[in-house]
Protein chains: 2
Amino acid sequence: MSDATRIHCPKLRKKVMTAEAAAALITAGSNVGMSGFTGAGYPKAVPGALAERIRQHNAQEGNKPFRINVWTGASTAPELDGTLAEVDGIEMRLPFQSDPICRDRINTGKMDYVDLHLSEVSQNAWSGFLGKMDIALIEVAGIREDGSLIPSSSLGNNKTWIEQADKVILEVNSQQNAKLEGMHDVYYGTAMPPNRKPIMMTHPADRIGEAYLRCPAEKVIAVVETNSMDRNSAFKAPDAVSIKIAEHILEFFQKEIEIGRLPKNLLPIQSGVGNIANAVLEGLNDGPFKNLTAFTEVIQDGMLKMLKSGTLEVASSTAFSLSPEGLKEFNENIDLYREKIILRPQDISNHPELARRLGIIAMNGLIEVDIYGNVNSTHIMGTRMMNGIGGSGDFARNGYLSIFVTPSIAKDGAISSIVPMVSHVDHTEHDVKIIVTEYGLADLRGKSPRKRALEIINNCAHPDYREQLMDYFERACNSGGGMHTPHLLGEALSWHQRYEETGHMKPKN
Amino acid sequence: MSDATRIHCPKLRKKVMTAEAAAALITAGSNVGMSGFTGAGYPKAVPGALAERIRQHNAQEGNKPFRINVWTGASTAPELDGTLAEVDGIEMRLPFQSDPICRDRINTGKMDYVDLHLSEVSQNAWSGFLGKMDIALIEVAGIREDGSLIPSSSLGNNKTWIEQADKVILEVNSQQNAKLEGMHDVYYGTAMPPNRKPIMMTHPADRIGEAYLRCPAEKVIAVVETNSMDRNSAFKAPDAVSIKIAEHILEFFQKEIEIGRLPKNLLPIQSGVGNIANAVLEGLNDGPFKNLTAFTEVIQDGMLKMLKSGTLEVASSTAFSLSPEGLKEFNENIDLYREKIILRPQDISNHPELARRLGIIAMNGLIEVDIYGNVNSTHIMGTRMMNGIGGSGDFARNGYLSIFVTPSIAKDGAISSIVPMVSHVDHTEHDVKIIVTEYGLADLRGKSPRKRALEIINNCAHPDYREQLMDYFERACNSGGGMHTPHLLGEALSWHQRYEETGHMKPKN
C-alpha cells in the first residue's frame, strides 16, 4: 500500500512507521488535536490503533483508565470518534461531534463535551483557555520535498494544531486525490490581539494565503501511510417536505430581489449539511438565479451540481462532505472543480469579520424553534446533546440573513418543531431572521415578539399543532403577565415534559 | 436663547423655526429616526412639541390615533421617550429604551418594541427590512458654513438616519460644549454587501473618518434652536457589592496576565452602563494596570477618571453617559478629554469586525444567569422587557473575553440572580465566558455544562440559594434524563413561577 510518491521529504520518509507504533507515542491524558471536518480528512489509522492500545490497557489496568482529550475541526467518523468512544478512551471532546457512540457517552454523563462556535476554536486554543495541546494527528494528501504538507479533503483547525502542538503525527492518505494540491488557501496572517490586522478579502474567490501547510520537520514524530476513503455518507433524494422548503426559500429570494433587498445573484450562500440543505441547493440549481457564490464551511453534493452547471461560480469552504456518488463525480471532474473551489482554515471560512463583510445568507437546520423565534440547534428535550452548534452561530450571528429550516414535525408527528418555548437556546430572537418549514416561511425581521408568534404559528406550524400553539399564545396574552413576550411559565416547557413522559407532545384525548 | 454662532450656514439659518412649527411637519404613521444614545444627544424640544400636538389630536379624534414609529441610537430621556409614550404617541420603538413609561406600555401590550443588536440597526435600515425612514430628527452641536454638522454628545445612528430620510429636522443645542467639534470620527466607508471593504482600524485610537456629519441642505426642512442639558443621571457611589465584584475582576486580570493570556495593558475594554460598571472602572483606575485602552459604546464617569489619571490612554465610543458632576468635570477639562476621546457611529463602535480584531474585553451586567451559563439580559421573569440587549451581544459575541457581572441576589434576596434555567436567553452558553458576583468569579472557558454548573453555584451563588441550586442540579443529574445539560423540565422555571405567585423565589417553610 506504500505510495512512495506521496512523501517527498527525505527527513520525513525516515519517520514512516506503522499506525500501532505511532499510537504508542500518544500518552494518557494528552490533549490531541486531530484533523477532520464533517467526515472528511480525519486520521484513519492511528485512532483505531490507539483505541486497541486503550482496550488492552483497560483490560489490564482498568482502575487507571487511559483517556485522551480529542480536539478536532468538527465531526469525524466511526474510525475516530466511534472507535475511541467505544473503548472509553475520550475524556473530553470538542468542538463538534455527530457520532452515535460519542453521543451516547455524552448523554449518559460518561464523556465531557465542550460545544464551541467553530470559528472560535483556534482563538480559544491560541489564547491558552483550553490548556496546552500535546500532540497533533493530521491527515494530509502528501508531503512535499521541503516538508510542507499538501492538505487533505478538509483543512479545519489543522494549521492551528500543527502550530500549537510540540509533536506532530502525520497520516499520508494516498486515497485522497493528488489533484487536491493547490485547492487550499491557508491564511498565515492570523494573530492574537492586539496584533490582529484586517483580513483583506472582499469576495469568496479571493486567495489570501498559501496552498500548503507549514510544518517544521523536527516536530514530526511519526508518519503513517494510509489508503482509506473518507466517511462519504449517502444523501437521501429530496423528499416532498424538503422540496417544499426549498420552494419557499426560492420564492422568498425572488421577492427580495424584486423589492431590491438582494442583488440578482443573491449574496454568498452558506448551507449547513444534511438532506434538507442538499434539497435547497438542488432547488437553487434548478432555479432562476445565476452567478451565485458560496462562502460556507462544507461542500456537499448539491454544491458540486451547482458548480458544474455554472449556477455557482465559486465555493469557499473548509471541507467536503460528499456522498459516494458525489466523491466519484468530484474525482472524475476534479480539473473543473479545482478551479472553482477554495478550501480554507475554519477560522477563516467561518470568520465573523468575513461573514459580516461578505453579507452571508446563512441557511441552517434546527431541532426546534419557539413561537418567538428562539432556535435550539443542539439539545433534544433540553438535556440531550445531538451534535453541536457547529458553524451555525458563526454565520447566523454575523451574516446578512439567517434562514433556519426544519420539517414542521418530527417522529411521525409526536414532536412539533415549533414549541411554546424552546428547551435550549443556541440562536436568540435577536439573531434569527427567517424560519421555513414545508408549510411556509416566517419573516421575523423588524417584528416585535407577539407579531413574530403570529407569523410563525400561521405560516410554519404543522396544522395538527397550530391550534394548540395558538391556544398557548392566546392564553399567555390573556394571563395578565408581561405582554412583551407572553408566556405561561408553568406550561412553557410542558410539551417537552409530556413527550418525555408519554412519547407525544399532544395531550391524550 | 438664540445663539447665532451655532448656525453658520446661511441656507439653514433661514429654516430656523419653533419646535411647535417643526413638530407640525411630522405626519402620523411616520418612521422617525431620532438621535440619542444613553441619554445623550437626543432631540429635546421637538418630541415634546409633537407630544402636545398628539395629545390635542387624540382629545379631538381619539378614534384615529396619531402615532409614530421611533428609531433611535439607544435610550433617550423623559423629554423624548417619556413624553411621547405618555400620550400614546409611539406605535413601534427600536432598538433600545430604558424609559419607565415606555417600559410600562411595552409590557402591557400597548406599544410594539423591537429589540435589536445596536451594531445591526443601521444595516437593517439600509437593507430596507425595517421599512422606509420618513424623517430624521437629529440634535447637533452646531452647523458649519457649508451645511455640514458638528455632532452632539452622541453619534449613534445619526449618519444613517440623515442618509436614509428624505427630510431632516435639526435641533441645534447651544448647551453642548462647542469644543465637541473635532472629537467625532464619522466613517463614510460603510456599504451594503457585496460592496463592503475591510475597515482599516487596528487600534482604538485610529481615526478613519471625518469630524462632521454630511447633510444635504435641501433635505433639511426645519432647524430648531435649543439650550438644554442631556439627561445626566447621577451615579451612586460604589457600594460593597460593586466593590467586591470589581476586586474579583481585577484579581482575574492579574492572574491572566501572569499566565500570559492577557497583555500587561490588557486589551481594549468595553464596559456597560450603570453603577456596577462604574465601580469596576473605579477599581481599574485604582489598580495596577496602566496604558489601557477602551473600545466601548458609552463613556461614563469612571472612564473620565481613568483618562484623567492616565490609566486609560484613549477611549473610543459612540456616546457619553455622564452624571451632572461628570459633565462638569468634562466641560472644565475638555481640552484634556478631547485629545483622548473619539466618538464614532454605533455601527463602528459596536462592529463585529472590530470587536473581534481588537480583541475586546466585554464587561456587561445581566438580569439572571443559569447554572449552565446562559444569560438573560432583557426579560424580567421571562415576559416583561426591562431595557433591551443593547450592545452587550455585539461585544460578547465577537470579543476576546465576555465578562458578565451581577449582584448574586435582587429585591432583598427575593430573587436569586442565578437560577436553574433562565427564563429568556440573550447570550447563549457558547458566548458567555466569565460570570462575576460579589461572592466570586466563575471561569466557564473550555468547560462542559456540568462543570460550569459547579463553578457557578460554588463561586457565584448567594449562600442563601447555594443549597437550593445544588439540590436542583443533583436531582437533575440523578433524574435519569440527559446528562449533557441535566434539567428537571417540570421544575426548571419553577423559581420564576414561585416569585410571580409569592413574591419570593424560595419556597415558604
- Message: Cβ-Cβ under 7 Å, sequence separation 6+ or interchain: first residue in segment A:419-446 and over 20 Å from B:S392 (Cβ atoms), partner in a loop (DSSP other than H, G, I, E, B) and among the acidic types (D, E). Which pairs?
- Response: A:P420/A:E491
- Query: Can you tell me how many residues in segment A:32-57 are open to solvent by 10 Å² or more (accessible area, probe 1.4 Å), under 29 Å from A:D347 (Cβ atoms) and not in a loop (DSSP other than H, G, I, E, B)?
  - Reply: 1
- Query: Which of the residues belonging to segment A:252-271 are in a helix (DSSP H, G or I), within 14 Å of chain B (Cβ to nearest Cβ) and open to solvent by 10 Å² or more (accessible area, probe 1.4 Å)?
  - Reply: A:F252, A:K255, A:I257, A:E258, A:I259
- Query: Quick check, is B:I409 open to solvent by 10 Å² or more (accessible area, probe 1.4 Å), among the β-branched types (V, I, T) and under 26 Å from A:C477 (Cα atoms)?
  - Reply: no
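For segment A:391-411, name all the residues that are in a loop (DSSP other than H, G, I, E, B) and over 28 Å from B:D347 (Cβ atoms).
Matches in segment A:391-411: A:T406, A:P407, A:S408.
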- Message: Can you tell me which residue is surrounded by the fewest Cβ atoms within 10 Å (Cβ to Cβ) among those in segment A:142-154 that are of a type in the set (A, V, I, L, M, F, W, C) and touching a helix residue (DSSP H, G or I) at 6+ places or on another chain (Cβ under 7 Å)?
- Response: A:I150
- Message: Could you check segment A:489-506 and list, in sequence order, the residues that are within 10 Å of chain B (Cβ to nearest Cβ), touching a residue at least 60 places away in the same chain (Cβ under 8 Å), surrounded by fewer than 23 Cβ atoms within 10 Å (Cβ to Cβ) and more than 19 Å from A:R466 (Cβ to Cβ)?
- Response: A:E500
- Report, ordered by the first and then the second residue, all pairs with beta carbons closer than 9 Å, sequence separation of six or more or different chains, a first member in segment A:123-136 that is of a type in the set (S, T, Y), and a second member that is open to solvent by 10 Å² or more (accessible area, probe 1.4 Å) and assigned to a helix (DSSP H, G or I). none
- Query: Given the conditions (1) away from every other protein chain (no Cβ under 14 Å); (2) under 29 Å from A:I456 (Cα atoms); (3) in a helix (DSSP H, G or I), which single one is not true for A:M363?
  - Reply: (3)
- Query: Restricting attention to segment A:293-312, does a residue exist that is within 21 Å of A:S392 (Cβ to Cβ), open to solvent by 10 Å² or more (accessible area, probe 1.4 Å) and not in a helix (DSSP H, G or I)?
  - Reply: yes
- Tell me, which residue of segment B:366-385 that is assigned to a loop (DSSP other than H, G, I, E, B) and not polar (S, T, N, Q) is most open to solvent (accessible area, probe 1.4 Å)? B:I367
- Query: What about A:G388, is it at the interface with another protein chain (Cβ under 10 Å from one of its Cβ atoms) and part of a loop (DSSP other than H, G, I, E, B)?
  - Reply: yes
- How many residues, within segment B:366-379, are more than 7 Å from every other protein chain (Cβ to nearest Cβ) and farther than 23 Å from B:G73 by Cα? 7
- Note on the structure: If we ask which residues in segment A:88-102 are open to solvent by 10 Å² or more (accessible area, probe 1.4 Å), under 17 Å from A:T38 (Cα atoms) and facing chain B (nearest Cβ under 9 Å), their number turns out to be 0
- Of all residues in segment A:272-282, which are out of contact with any Pro (no Cβ under 8 Å at 6 or more places or on another chain) and buried (at least 20 other Cβ atoms within 10 Å of the Cβ)? A:G272, A:V273, A:A277, A:V280, A:L281
- Criterion violated by A:Q60 - all others in (1) within 23 Å of the chain's Cα centre (by Cα); (2) surrounded by fewer than 21 Cβ atoms within 10 Å (Cβ to Cβ) satisfied: (1)
- Query: So, of the residues in segment B:213-246 that are in a helix (DSSP H, G or I), out of contact with any strand residue (DSSP E or B) (no Cβ under 7 Å at 6 or more places or on another chain) and closer than 28 Å to B:E139 by Cα, which turns out to be least open to solvent (accessible area, probe 1.4 Å)?
  - Reply: B:A217
- Which strands (runs of 3 or more DSSP E) does segment B:131-176 wholly contain that include 2 or more residues that are in contact with a Pro (Cβ under 9 Å, 6 or more places away or on another chain)? B:135-143, B:167-173
- Looking at (1) in a helix (DSSP H, G or I); (2) touching a Ser or Thr at 6+ places or on another chain (Cβ under 6 Å), which is the only condition B:N331 fails? (2)
- Query: Quick one: which of A:I276, A:I249 is at pLDDT 95 or above and either closer than 30 Å to A:N173 by Cβ or in a helix (DSSP H, G or I) (or both)?
  - Reply: A:I249
- Task: For segment A:113-135, name all the residues that are closer than 17 Å to B:S448 by Cα and more than 10 Å from every other protein chain (Cβ to nearest Cβ).
- Result: A:L118, A:V121
- Item | Selected residue (criterion: farthest from the other protein chains (Cβ to nearest Cβ)) from residues of segment A:465-488 that are more than 20 Å from B:M111 (Cβ to Cβ) and in contact with a helix residue (DSSP H, G or I) (Cβ under 8 Å, 6 or more places away or on another chain) | A:R466
- Filtering segment B:282-311 down to residues that are closer than 25 Å to A:R196 by Cβ and of a type outside the set (V, I, T) yields B:L284, B:F289, B:K290, B:N291, B:L292, B:A294, B:F295, B:E297, B:M303, B:M306, B:L307
- Message: So, B:E247, is that one within 30 Å of A:G131 (Cα to Cα) and touching a residue at least 24 places away in the same chain (Cβ under 8 Å) or not?
- Response: yes
- Would you check if B:E139 is surrounded by fewer than 22 Cβ atoms within 10 Å (Cβ to Cβ), assigned by TED's automatic domain parsing to the domain that holds B:T76 and within 24 Å of B:L322 (Cα to Cα)? no
- Message: Restricting to segment B:313-328, and then to whatever is in a helix (DSSP H, G or I) and open to solvent by 30 Å² or more (accessible area, probe 1.4 Å), can you tell me which residue is farthest from B:I403 (Cα to Cα)?
- Response: B:K328
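The values are calculated or read from the model by the stated rules, or taken from the named source; none is laboratory data. Values in this document were obtained by computation on a predicted structure and should not be read as measured data. Cβ: placed from backbone, ideal geometry, glycine included. Neighbour counts: every protein chain shown. Heavy atoms of the whole protein, side chains included, go into the accessibility calculation; ligands, DNA and RNA do not. Shrake-Rupley method; radii C 1.70, N 1.55, O 1.52, S 1.80 Å.
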